[in-house]
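Student: If you scroll down you'll find the structure; I have some questions about it.
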Amino acid sequence: MESNKKVIFSGIQPSGDLTLGNYLGAIKNWVKLQEEYECYFCVVDLHAITVKQEPKDLRRRTLEVLAIYLASGIDPEKNTMFIQSHVSAHSEAAWLLTCSTYMGELSRMTQFKEKSKNSESIGAGLLTYPVLMAADILLYQTNLVPVGKDQTQHLEIARDIAERFNKTYSDTFVIPEPYIGKLGAKIMDLQEPTNKMSKSGENVNGFILIMDPPEVIRKKVNRAVTDSVGIVKYNDEQLGVKNLMTILMAITGISMGEIEAKYDGLGYAQFKKDVAEAIVAELEPIQIKINEYMGQKSYLEEIYKKGSEKANYVANKTLRKMQKKIGFIPR
Ligand code: AQP
């Protein structure tokens, strides 16, 4: 069961329908990692409830995220795919680590400050979210965590917590490093390209969902904010165009220089049309497979049960080690 490959842990929250940002920023890259690393790909449902979720939507989305992983090419034979709440060690370890975490470091997290800004009643889960994330990562003795820029602070705190625990109780955890992928594209909102494309975005025209039908994708790309410059050029003055170029590059692998050359003198209409068609061509076959998997609930069940068996084995081993070092009586 043990392998010499480096361990990677990553996950997505079923807190909304997944976007092209989740796909191009995370899942598409995971597919390339599975040959070289021992990967744990998790559906992080415990994280999703830091904001209110409708139970029946959460159930559907949790399975759908798993179906999306499979449909995108993540091989259940090569990777451990599981649902976070099926491995109770995550919740238990999170408490143990909470007791090695300072209030100050949690309240300084940018994401907490952002998400709690306009709310009267802020759930404590929003504050302690990074500790649960630290548990996710540390339980698998993870070497590398593929993170977007928005998540680097959370990985930093996971490293700090791990180092503190190791120092207090002796070596227990591998200290995880960020995995900075070559293509870790950050996809921005189509209507407000200064903001990240997000599944909880307020304007539906700002994001493309993995499950959006082709005609909706075409409409959203066509309406994407650009500018009056009229030239397809990669720069920070033309954020809308830059974002569409990033999408095109992440899907097709064509370089920015080649995109600029191709659309030289053509204006935005043809460019937008091609971007939309590239997205449709990428997502359509995946959508067909997602629908197939969603019609095979017993197959999905087989996958997540098998995944949680392996994940439970590894995570519990680390949890027992933590408990013993802290001074709990072994069961
Ligand atoms: N726009 C994006 N561009 C690139 N990568 C993205 N990711 C998300 N949005 C983009 C990557 O997807 C992974 C999992 O994300 P998550 O669902 O756990 O949480 P998130 O990053 O907070 O995603 P959202 O869509 O913005 O969710 P909500 O709206 O619920 O907060 C991560 O690897 C992330 O980098």
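The values are calculated or read from the model by the stated rules, or taken from the named source; none is laboratory data. Here the structure is a predicted model, which means the values were calculated and not measured. Don't worry about glycine lacking a Cβ; one is built from the backbone with ideal geometry, like all the others, and counts go over all protein chains shown. Note: accessible area is taken over every heavy atom of the protein model, side chains too, but ligands, DNA and RNA are not part of it. Shrake-Rupley method; radii C 1.70, N 1.55, O 1.52, S 1.80 Å.
Student: Which residues, taken from the stretch 181-227, are away from the ligand (no atom under 15 Å from the Cβ) and in a loop (DSSP other than H, G, I, E, B)?
Tutor: Passing the criteria: 213, 225, 226, 227.
Student: Against the conditions (1) at pLDDT 95 or above; (2) surrounded by 15 or more Cβ atoms within 10 Å (Cβ to Cβ), where does residue 75 fall short? Just the number, please.
Tutor: (2)
Student: Which of the residues belonging to the stretch 133-144 are under 15 Å from the mean Cα position of the chain (by Cα) and open to solvent by 10 Å² or more (accessible area, probe 1.4 Å)?
Tutor: 133, 144
Student: Further, regarding this structure: Does residue 266 fit the bill of being more than 23 Å from residue 85 (Cα to Cα) and hydrophobic (A, V, I, L, M, F, W, C)? Before the answer, list the steps.
Tutor: Numbers: more than 23 Å from residue 85 (Cα to Cα): yes; hydrophobic (A, V, I, L, M, F, W, C): yes.
For residue 266, the condition - more than 23 Å from residue 85 (Cα to Cα) and hydrophobic (A, V, I, L, M, F, W, C) - is met.
Student: I've got another one for you. Filter the stretch 100-121 down to residues that are charged (D, E, K, R) and not in a helix (DSSP H, G or I), then give me how many there are.
Tutor: 3
Student: Also: In the stretch 84-106, how many residues are open to solvent by less than 70 Å² (accessible area, probe 1.4 Å) and farther than 20 Å from residue 165 by Cβ?
Tutor: 2
Student: Filter the stretch 232-243 down to the residues that are in contact (Cβ under 8 Å) with a residue 12 or more places away in the chain and open to solvent by 40 Å² or more (accessible area, probe 1.4 Å), then identify the one that is farthest from the ligand (Cβ to nearest atom).
Tutor: Applying the filter and picking the extreme gives 233.
Student: Cβ contacts < 6 Å: first residue farther than 8 Å from residue 132 by Cα, restricted to the stretch 89-106; second residue open to solvent by 20 Å² or more (accessible area, probe 1.4 Å) and among the aliphatic types (A, V, I, L, M), any location; separation 6+ or different chain. Result?
Tutor: 106/127
Student: Out of the residues in the stretch 150-180 that are within 14 Å of the ligand (Cβ to nearest atom) and open to solvent by 40 Å² or more (accessible area, probe 1.4 Å), which is nearest to residue 250 (Cα to Cα)?
Tutor: Residue satisfying both the conditions and the ranking: 180.
Student: Continuing with this model, one more query. What are the residues in the stretch 75-96 that are within 21 Å of residue 320 (Cα to Cα) and either outside the structural domain of residue 33 (by TED's automatic domain parsing) or in contact with a Phe, Trp or Tyr (Cβ under 7 Å, 6 or more places away or on another chain) (or both), if any? Steps first, answer last, please.
Tutor: Looking only at the stretch 75-96, we keep the residues that are within 21 Å of residue 320 (Cα to Cα), and these are 80, 82-96.
80, 82, 83, 86 - these are the residues of the stretch 75-96 that are within 21 Å of residue 320 (Cα to Cα) and either outside the structural domain of residue 33 (by TED's automatic domain parsing) or in contact with a Phe, Trp or Tyr (Cβ under 7 Å, 6 or more places away or on another chain) (or both).
Student: Sticking with this structure for a sec: I'm checking my understanding of the structure. Among residues of the stretch 17-41 that are under 24 Å from residue 131 (Cα atoms) and more than 10 Å from the ligand (Cβ to nearest atom), which one is most open to solvent (accessible area, probe 1.4 Å)?
Tutor: Just the residues of the stretch 17-41 that are under 24 Å from residue 131 (Cα atoms), to begin with: 18, 22, 25-27, 30, 38-41.
Imposing the further condition that a residue be more than 10 Å from the ligand (Cβ to nearest atom) reduces the set to 38-41.
Values: 38: 31, 39: 1, 40: 5, 41: 0 Å².
Top of the filtered list is 38.
Student: Now a separate question. Which residue out of 230, 265 is more than 24 Å from residue 197 (Cα to Cα) and assigned to a loop (DSSP other than H, G, I, E, B)?
Tutor: Values: 230 fails: more than 24 Å from residue 197 (Cα to Cα).
Selected residue: 265, the only one of 230, 265 that is more than 24 Å from residue 197 (Cα to Cα) and assigned to a loop (DSSP other than H, G, I, E, B).
Student: Scan 110, 128 and give me the residue that is among the polar types (S, T, N, Q) and modelled with pLDDT of 95 or more.
Tutor: Matching residue, one of 110, 128: 128.
Matching residues to (1) among the aromatic types (Phe, Trp, Tyr); (2) surrounded by 13 or more Cβ atoms within 10 Å (Cβ to Cβ); (3) under 19 Å from residue 88 (Cβ atoms); (4) not assigned by TED's automatic domain parsing to the domain that holds residue 231:
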{"residue": "271", "(1), (2), (3), (4)": "yes, yes, no, no"}
{"residue": "285", "(1), (2), (3), (4)": "no, no, no, no"}
{"residue": "302", "(1), (2), (3), (4)": "no, no, no, yes"}
{"residue": "306", "(1), (2), (3), (4)": "no, yes, yes, yes"}
{"residue": "316", "(1), (2), (3), (4)": "no, yes, yes, yes"}
